Amino acid sequence: AQSVTQPDIHITVSEGASLELRCNYSYGATPYLFWYVQSPGQGLQLLLKYFSGDTLVQGIKGFEAEFKRSQSSFNLRKPSVHWSDAAEYFCAVGAREYGNKLVFGAGTILRVKS
Amino acid sequence: DTGVSQNPRHKITKRGQNVTFRCDPISEHNRLYWYRQTLGQGPEFLTYFQNEAQLEKSRLLSDRFSAERPKGSFSTLEIQRTEQGDSAMYLCASSYLSGSNEQFFGPGTRLTVL
C-alpha cells in the first residue's frame, strides 16, 4: 500500500535559522513527489515537485528538496526561515499507474519564533 | 481569476440533511479530483474524473456520497443523510492530463455537521 510518513508533527525554528522537514514514502511505482503548504483555513499551494532527472529540485519561496531513492525520502529544506513561512507543510506522492491521485502525509506544522 | 474555485466556502448543516458542493476547475484541465481533509490530517483521496468519466472512487466514498462532472467542466459532490463524521474540509483539485499531472487545489469547502 502507498503511504507517506512525516515523522515531525510540529517543528519550531527561529527566524533566520535553517529548516529541514522530513518525508519518507512507501510506493509500489515510480513516484512523483510533491511538497505543498497550507495556511490556516486555506487550500494547498504547491512549493515544488520532483518527476525525474536532477534529484535536487528548487521551488518557490526559497525552498528546495532532495529525492533520495535509496532512503525513500524527499526532505524539504530552506536555508533561512522567515516568519511568513509559518504554516502546515504536506508531502505527497503520486504515480501515473495509480491515476496520479495523491497520497499525503499527515503534515508538519512549522512555527517560527522571532 | 483562473484558479480552481469551490462553493460554498463554508457549510453548516444538521445531521441527516443533504448537502452539495461545487468545484469549478481551471478551464483547460481535463482531470478533476476530490479530497477530504479532517483536522490534523493530510488530505485523503475520494474520487477523480477524466473529462466527464468518473475513473476511480475510494472506499472512503460510501454510498451516501455521489460525485458528478456532467459536461466535463464543473463537478458536484453530494452527501446524503449527513453524519457528524462527515465534518471535514472538502478539497477539489484539477490538472491537465500530460506529463506530471500537477494538481492545482481550490480553497476548499468546510463542512460542519451538527
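The values are calculated or read from the model by the stated rules, or taken from the named source; none is laboratory data. Computed from a prediction, not measured in an experiment: that's the story for all the values here. Note that each Cβ is placed from the backbone with ideal geometry, even for glycine, and that neighbours are counted across all protein chains shown. Calculation scope for accessible area: heavy atoms of the full protein, side chains included, ligands and nucleic acids excluded. Shrake-Rupley method; radii C 1.70, N 1.55, O 1.52, S 1.80 Å.
Here B:Thr112 fulfils each of the conditions (1) β-branched (Val, Ile, Thr); (2) touching a residue at least 60 places away in the same chain (Cβ under 8 Å); (3) under 12 Å from B:Arg31 (Cα atoms) apart from (3).
At least 2 residues that are at the interface with chain B (Cβ under 9 Å from one of its Cβ atoms) and under 24 Å from B:Pro107 (Cα atoms) in each: list the strands (runs of 3 or more DSSP E) lying fully within the range A:38-110 that qualify.
Once the strands (runs of 3 or more DSSP E) in the range A:38-110 are filtered for at least 2 residues that are at the interface with chain B (Cβ under 9 Å from one of its Cβ atoms) and under 24 Å from B:Pro107 (Cα atoms), what remains is A:44-50, A:87-94.
Set side by side, the residues A:Arg96, A:Arg69, A:Arg77 differ, and just one is under 10 Å from the mean Cα position of the chain (by Cα), over 19 Å from B:Gln41 (Cβ atoms) and open to solvent by 50 Å² or more (accessible area, probe 1.4 Å), which is A:Arg77.
Give the number of residues within the range B:23-40 that are surrounded by 15 or more Cβ atoms within 10 Å (Cβ to Cβ) and either without any contact (Cβ under 8 Å) to a residue 40 or more places away in the chain or assigned to a strand (DSSP E or B) (or both).
Residues that pass the stated criteria total 9.
Can you spot a residue in the range B:89-96 that is part of a strand (DSSP E or B) and touching an Asp or Glu at 6+ places or on another chain (Cβ under 8 Å)? Scanning the range B:89-96, I find at least one residue that is part of a strand (DSSP E or B) and touching an Asp or Glu at 6+ places or on another chain (Cβ under 8 Å), so the answer is yes. Taking (1) in contact (Cβ under 8 Å) with a residue 24 or more places away in the chain; (2) part of a strand (DSSP E or B); (3) within 14 Å of chain B (Cβ to nearest Cβ) in turn, A:Thr30 satisfies each apart from (2). Quick check on my filter: what residues within the range A:14-33 are open to solvent by less than 20 Å² (accessible area, probe 1.4 Å) and modelled with pLDDT of 95 or more? Hits for the range A:14-33 are A:Leu19, A:Leu21, A:Cys23.
Name the residue, out of B:Glu44, B:Glu52, B:Glu83, B:Glu78, that is modelled with pLDDT under 95 and either out of contact with any strand residue (DSSP E or B) (no Cβ under 9 Å at 6 or more places or on another chain) or surrounded by fewer than 22 Cβ atoms within 10 Å (Cβ to Cβ) (or both).
Details: B:Glu44 fails: modelled with pLDDT under 95; B:Glu83 fails: modelled with pLDDT under 95; B:Glu78 fails: modelled with pLDDT under 95.
From the options B:Glu44, B:Glu52, B:Glu83, B:Glu78, the qualifying one is B:Glu52.
Pairs linking a residue in the range A:1-21 that is free of Cβ contacts under 8 Å to residues at least 24 places away in the same chain to a residue that is assigned to a loop (DSSP other than H, G, I, E, B) and open to solvent by 70 Å² or more (accessible area, probe 1.4 Å), with Cβ atoms under 9 Å and 6 or more positions apart or on different chains, are A:Pro7/A:Arg22.
Does A:Gly99 satisfy being modelled with pLDDT under 95 and on the phi > 0 side of the Ramachandran plot?
On the way: modelled with pLDDT under 95: yes; on the phi > 0 side of the Ramachandran plot: yes.
Considered against the rule, which asks whether it is modelled with pLDDT under 95 and on the phi > 0 side of the Ramachandran plot, A:Gly99 comes out as yes.
Kindly indicate which of A:Gly62, A:Gly53 is free of Cβ contacts under 8 Å to residues at least 12 places away in the same chain, more than 30 Å from B:Pro8 (Cβ to Cβ), more than 12 Å from the chain's Cα centre (by Cα) and open to solvent by 40 Å² or more (accessible area, probe 1.4 Å). Can you show your working first?
On the way: A:Gly62 fails: free of Cβ contacts under 8 Å to residues at least 12 places away in the same chain.
Residue meeting the stated conditions: A:Gly53.
For B:Ser66, are the conditions met, namely being under 30 Å from A:Ile9 (Cα atoms) and of a type in the set (S, T, N, Q)? I'd like the intermediate steps shown before the answer.
Numbers: under 30 Å from A:Ile9 (Cα atoms): no; of a type in the set (S, T, N, Q): yes.
No.
Scanning the range B:1-41 for residues that are within 12 Å of chain A (Cβ to nearest Cβ) and hydroxyl-bearing (Ser, Thr, Tyr) turns up B:Ser5, B:Tyr33, B:Tyr35, B:Thr38.
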